[in-house]
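Below is one structure, written out as structure tokens; comments come after it.
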Amino acid sequence: MIVFDRIIASLQHTGGASVLFNELASRMYRDDVRYEEYGYKATEVTRPHFRLLPKRLAERYRRFPTSELAGNASAAVFHSTCYRVPDRRVRATVTTVHDFTYEHVIGGLKRLVHSAQKNDAIRRSDLLVCVSHNTRADLLNFVPDVDPRKIVVVHNGVSDRFHPVNEPADRPYVLYVGQRVSYKNFQSLVVALAAMPDLQLRCVGGGSFTEAEQRVLSRLLPGRFLHLGYVDEVSLNRAYAQAFCFAYPSLYEGFGIPILESMRAGCPVVAVNNSSIPEVSGGAATLAEDGSPEALRVAIQALFVSDYRNKVINAGLRHSAGFGWERHYNEMMAAYNKVM
């Protein structure tokens, strides 16, 4: 029996970790794999094999209460969606390690709290699943006492519902998807686009523009920026497919699912040559040497050459075809079987 602790649903509206565990559970349900999900959001009660738990104070930082399990805890393979461990011994504990963002780019008290919980989960786990080889290297760097024999790398997937769309946009635009916190390097992209008056900037997710962002955008891109809000997968696919390019200027990522989504939709990717980005993009993206506005501008301008842009699009379609959630699922089931 595999037990999922769905604490992630209480922590984020959407994101790579949420997508990963949703894709995994849906395939387990399809294949009649024995699993259970335990969580804290009433909106999830319609999920198969889901049980709603009472939420305690500071729940995200507390150990999972095995007394709530419907079956025998000693037979459970426990897999938390966000660095929690059970409060007593189970058959095996599995932890997916997504990234070391706090350790690389955030710091301070937030890092201390996050790293303490994550490192505790890492040390107490019987199986560690890293979403990229870059994350595996980070793990061994930041937690050097961990046994490398209990680490496996299972790349994230990308939905096959992303695909090219033959509907031209009303004007050429650069697409940005997700959060706009400092390490995501959004402002450098805005500065880069200021020098390219023919391109609009369109953003998806990450919340509405702040007042500070509005001021910068109005000054540097007057009349050339738009926030599309949170969109469904069909609308996101269209946003990718119609874009001149997708910009991913982040200074650190543990994986980067949007890179593969964009490639699947036939949209060329511009990103920065760091962390897991070269591994995930596989030579099929235009990589800026650093995250400076000038480097991003040069990378985006390269796509104005039609032959080169088409080459990048075709390379992205081929490369992203090798990443699917079905592959991720099969590799995860093989990993589970090692500890069951």
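FYI, it's all coordinate maths here, none of it is from the lab. Just so it is clear, the structure is predicted and the values come from calculations on it, not from any experiment. So basically every Cβ, Gly included, is an ideal-geometry build from the backbone, and we count neighbours across all protein chains shown.
Within the range 151-172, track down each residue that is of a type in the set (Lys, Arg) and touching a helix residue (DSSP H, G or I) at 6+ places or on another chain (Cβ under 9 Å).
Looking only at the range 151-172, we keep the residues that are of a type in the set (Lys, Arg), and these are 161, 171.
Once the filter is applied, which keeps residues that are of a type in the set (Lys, Arg) and touching a helix residue (DSSP H, G or I) at 6+ places or on another chain (Cβ under 9 Å), the range 151-172 yields only ARG161.
Could you list all residues from the range 195-221 that are part of a helix (DSSP H, G or I) and surrounded by 14 or more Cβ atoms within 10 Å (Cβ to Cβ)? First the steps, then the outcome.
Keep residues of the range 195-221 that are part of a helix (DSSP H, G or I), which gives 211-220.
The answer is GLU213, VAL216, LEU217, LEU220.
Determine whether the range 93-105 contains at least one residue that is of a type in the set (Ser, Thr, Tyr), within 21 Å of GLU37 (Cβ to Cβ) and in contact with a Lys or Arg (Cβ under 7 Å, 6 or more places away or on another chain). Reasoning before the result, please.
Initial filter on the range 93-105 (of a type in the set (Ser, Thr, Tyr)): 93, 95-96, 101-102.
Now narrow it down to the ones that are within 21 Å of GLU37 (Cβ to Cβ): 93, 95-96.
From the residues that got through so far, the ones that are in contact with a Lys or Arg (Cβ under 7 Å, 6 or more places away or on another chain) too are 93.
Yes - at least one qualifying residue is present in the range 93-105.
Take the residues in the range 111-131 that are basic (Lys, Arg) and closer than 19 Å to SER275 by Cβ, then tell me which one is surrounded by the fewest Cβ atoms within 10 Å (Cβ to Cβ). Reasoning before the result, please.
Of all residues in the range 111-131, those basic (Lys, Arg) come to 111, 118, 123-124.
Restricting the remaining residues to those that are closer than 19 Å to SER275 by Cβ gives 111, 118.
Numbers: ARG111: 16, LYS118: 22.
So, considering only residues that are basic (Lys, Arg) and closer than 19 Å to SER275 by Cβ, the one surrounded by the fewest Cβ atoms within 10 Å (Cβ to Cβ) is ARG111.
Take the range 76-112 and flag every residue that is within 21 Å of PRO148 (Cα to Cα), under 20 Å from the mean Cα position of the chain (by Cα) and aliphatic (A, V, I, L, M).
Of everything in the range 76-112, those that are within 21 Å of PRO148 (Cα to Cα), under 20 Å from the mean Cα position of the chain (by Cα) and aliphatic (A, V, I, L, M) turn out to be VAL94, VAL97.
Look at the range 63-74 and say how many of its residues are in contact with a Lys or Arg (Cβ under 7 Å, 6 or more places away or on another chain) and surrounded by 14 or more Cβ atoms within 10 Å (Cβ to Cβ).
Count: 4.
Can you name every residue in the range 42-58 that is in contact with a helix residue (DSSP H, G or I) (Cβ under 7 Å, 6 or more places away or on another chain) and over 18 Å from LEU24 (Cβ atoms)?
Matches in the range 42-58: LEU52, LEU53.
Are any residues in the range 30-57 in a helix (DSSP H, G or I) and surrounded by 14 or more Cβ atoms within 10 Å (Cβ to Cβ), and if so, which ones? Give the steps one after another, and end with the answer.
Filtering the range 30-57 for residues in a helix (DSSP H, G or I) gives 30, 42-44.
Residue satisfying the conditions is GLU44 alone.
Which number in (1) within 21 Å of the chain's Cα centre (by Cα); (2) of a type in the set (Lys, Arg); (3) closer than 22 Å to PHE246 by Cα marks the one condition that ARG136 misses?
Of (1) within 21 Å of the chain's Cα centre (by Cα); (2) of a type in the set (Lys, Arg); (3) closer than 22 Å to PHE246 by Cα, only one is false for ARG136: (3).
Any idea which residue in the range 71-94 is farthest from ILE257 (Cα to Cα), counting only those that are hydrophobic (A, V, I, L, M, F, W, C) and assigned to a loop (DSSP other than H, G, I, E, B)? Give the derivation first.
First, the residues of the range 71-94 that are hydrophobic (A, V, I, L, M, F, W, C): 73, 75-78, 82, 85, 90, 92, 94.
Subsequent filtering for residues that are assigned to a loop (DSSP other than H, G, I, E, B) retains 76, 82, 85, 90.
Details: ALA76: 30, CYS82: 18, VAL85: 26, VAL90: 31 Å.
Per the stated criteria, the residue is VAL90.
Out of all the residues in the range 1-29, which are assigned to a strand (DSSP E or B) and of a type in the set (D, E, K, R)?
Step one: of the range 1-29, the residues assigned to a strand (DSSP E or B) are 2-5.
The one that is assigned to a strand (DSSP E or B) and of a type in the set (D, E, K, R): ASP5.
Any residue in the range 187-209 that is free of Cβ contacts under 8 Å to residues at least 60 places away in the same chain, farther than 22 Å from CYS245 by Cβ and not β-branched (Val, Ile, Thr)?
Within the range 187-209 (the criterion being free of Cβ contacts under 8 Å to residues at least 60 places away in the same chain, farther than 22 Å from CYS245 by Cβ and not β-branched (Val, Ile, Thr)), the answer is yes, since at least one residue qualifies.
Just one of the numbered conditions (1) farther than 19 Å from ASN22 by Cβ; (2) out of contact with any strand residue (DSSP E or B) (no Cβ under 9 Å at 6 or more places or on another chain); (3) of a type in the set (Val, Ile, Thr) is not true of THR43; which one?
Among (1) farther than 19 Å from ASN22 by Cβ; (2) out of contact with any strand residue (DSSP E or B) (no Cβ under 9 Å at 6 or more places or on another chain); (3) of a type in the set (Val, Ile, Thr), THR43 violates only (1).
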